[in-house]
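Trainee: Below you'll find the structure I mean.
A short reminder: the numbers here are calculations on the coordinates, not readings from a lab. All figures in this text were calculated on a predicted structure; none of them were measured in a lab. Cβ atoms come from the backbone with ideal geometry, glycine included; neighbour counts cover every protein chain shown.
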Amino acid sequence: MIRRLFLCLMTAAIGLGLQGAPRAQDWKSQVKELRIGLLGGENTSSRLARYDGFQQLLQERLGIPVKLYPAADYAGVMQAMAAGQLDLAEFSPSAFAGAWLDCKCIDPTVVPQEKDGSIFYISVMVTRKDSGITSLAQMKGHSLAWADPNSASGYLIPSATLKAQGIDLADGAYFSRTGFAGGHEQGIIAVLNKQYDAAVTWTSGQGDIAQGFSRGALRGMVDRGMLKMSDVNIIWKSGKIPNGPWGLRASLPASLKAAFTDFMLDLPKSHKDIYDQVEQGSGVGYERATLDLYKDIIDLRENERRGNR
């Protein structure tokens with residue numbers, strides 16, 4: 001009887017294995033390659049270098065080619081995702097909200113965690129140290145560079161916050177002029193080169209300020225020797241903004257989405273160096289993302305669109 005029971009259990013286990021294995025791998029016959037969009041905001045060579053180890057490791061784990069597609073700006077990735085030309089990207093919260101409103105075709109999967117385990121960051125406004133501008137009040141009559149129209153920290157949140165404080169953003173009303181620098185890195189460089197008096201960008205706001213904090217555009221530039229924090233002032237900070245998600249095309253096979261999610265949740269533990277390169281600093285990992293996390297950002301973008309009609 002014991003022998004018969006053992007054989008029954010073995011047969012059932014083998015049967016389950018045979019049924020489960022094809023389902024676990026069925027996406028390999030449907031998806032010939034995985035196409036990753038890289039948002040603009042830093043020079044192309046730096047972006048590709050940051051994602052090189054990530055690309056190779058993900059390709060090895062999934063067993064299909066993984067290709068990187070850097071875009072000139074955020075809109076390029078958003079439009080390509082909506083058109084089904086890309087499969088995934090790490091979005092800013094505003095870019096995700098805008099792309100989701102365009103097509104409802106993107107699922108948030110994971111969101112980066114900061115050093116304290118939170119999933120929020122902040123927007124900051126920076127000026128040159130030698131400018132003598134140390135407050136938002138002193139920015140009256142001076143120029144301000146936004147990063148990208150689809151950036152939460154580089155446009156959406158600071159513009160909405162300043163408007164709520166009664167600051168008219170029309171050129172000459174408060175700031176002498178405003179403009180889009182083409183990305184976070186480009187905005188900071190424009191300030192350093194005295195093309196603008198201030199720029200807004202993103203940072204964790206945690207950790208050593210001398211290193212550009214623990215994560216963000218400032219940290220990335222400090223790590224690459226492009227910026228010394230002693231050369232800039234931080235004159236304004238926003239409230240908390242939810243970190244942008246890694247978003248996958250909703251029509252991808254569920255098994256592939258599950259495999260990618262597992263890969264991302266494991267990445268900070270198994271390959272911390274690759275995680276740090278991708279996330280520009282030293283966060284502690286990822287947690288699963290939900291659409292509800294971005295509801296306020298989606299609402300803000302939707303209201304902005306209505307106002308522009």
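Trainee: Give me the one-decimal nm value for the distance between modelled label points at LEU169 and ALA72, 7 Å along each residue's Cα-to-Cβ direction.
Mentor: Here the answer is 2.3 nm between the modelled labels.
Trainee: Grab the Cα-Cα distance for LYS194 and SER251, subtract it from 0.36 nm times how many residues apart they are, and report the gain in nm with one decimal. Provide the component values of the computation, followed by the final result.
Mentor: On the way: separation 57, 0.36 × 57 = 20.52 nm, distance 4.60 nm.
Gain on stretching LYS194 to SER251: 15.9 nm.
Trainee: Related question: Residue by residue, what Karplus-based ³J(HN,Hα) values in Hz, rounded to whole numbers, does the range 300-306 have, using 6.51, -1.76 and 1.60 with θ = phi - 60° and x for Gly and Pro?
Mentor: With coefficients 6.51, -1.76 and 1.60, one gets 5, 5, 5, 5, 5, 5, 4 Hz.
Trainee: A further question on this structure: What dipole magnitude, in Debye to the nearest 20, does the range 120-242 give about its Cα centre under +1 on Lys/Arg Cβ and -1 on Asp/Glu Cβ?
Mentor: Charge dipole, the range 120-242, about its Cα centre: 160 debye, nearest 20.
Trainee: Let's test this: bin the Cα-Cα distances of the chain at 20 Å from zero up to the farthest pair and state each bin's percent.
Mentor: Each 20 Å bin holds this share of Cα pairs: 32, 52, 13, 4, 0.
Trainee: Longer than 26 Å from Cα to Cα, which of LYS32/LYS104; LYS272/LYS295; LYS104/LYS272 are they? Say none if no pair is.
Mentor: Where the Cα-Cα span goes over 26 Å, the pairs concerned are LYS272/LYS295; LYS104/LYS272.
Trainee: Could I ask something else about it? Give the distance, in whole Å, between the Cα centre of the range 278-299 and the Cα centre of the range 210-272.
Mentor: 9
Trainee: What are the principal axis extents of the Cα atoms in the range 183-237, in Å, biggest first?
Mentor: Rounded to whole Å, the extents work out to 29, 24, 21 Å.
Trainee: Moving on to the next point. Could you derive backbone 3J(HN,Hα) for the range 126-138 from the dihedral phi with the Karplus parameters 6.51, -1.76 and 1.60 (θ = phi - 60°), listing whole Hz in sequence and x where the residue is Gly or Pro?
Mentor: 10, 10, 5, 4, 7, 6, x, 8, 10, 8, 5, 4, 6
Trainee: Quote the charge dipole size of the chain about the Cα centre in Debye, to the nearest 20; the model charges only the Cβ of Lys and Arg (+1) and of Asp and Glu (-1).
Mentor: 500
Trainee: Sticking with this one: I need the phi-derived Karplus couplings for the range 91-101: 6.51 cos²θ - 1.76 cosθ + 1.60, θ = phi - 60°, integer Hz, Gly and Pro marked x.
Mentor: Going residue by residue, I get 8, 6, x, 6, 5, 4, 4, x, 5, 5, 5 Hz, with x marking Gly and Pro.
Trainee: Listed highest first by mean packing, meaning other Cβ atoms within 10 Å per residue, what order do 255-268, 223-236, 95-108 come in? All intermediate terms of the calculation are to be shown ahead of the outcome.
Mentor: Details: 255-268: 17.8, 223-236: 15.9, 95-108: 21.3.
Ranking, from highest mean packing down: 95-108, 255-268, 223-236.
Trainee: List the residues whose amide H sits under 5 Å from the amide H of LEU227, counting only those 5 or more places along or on another chain, with H placed 1.01 Å from N in the peptide plane.
Mentor: For LEU227, whose amide H was placed from the backbone, the distant partners under 5 Å are VAL222.
Trainee: Still on this structure, please answer the following. Taking amide H positions as placed 1.01 Å from N in the peptide plane, with prolines and chain starts having none, which residues 5 or more places from LEU34, or on another chain, fall under 5 Å of its amide H?
Mentor: Under 5 Å from the amide H of LEU34: VAL66, LYS67.
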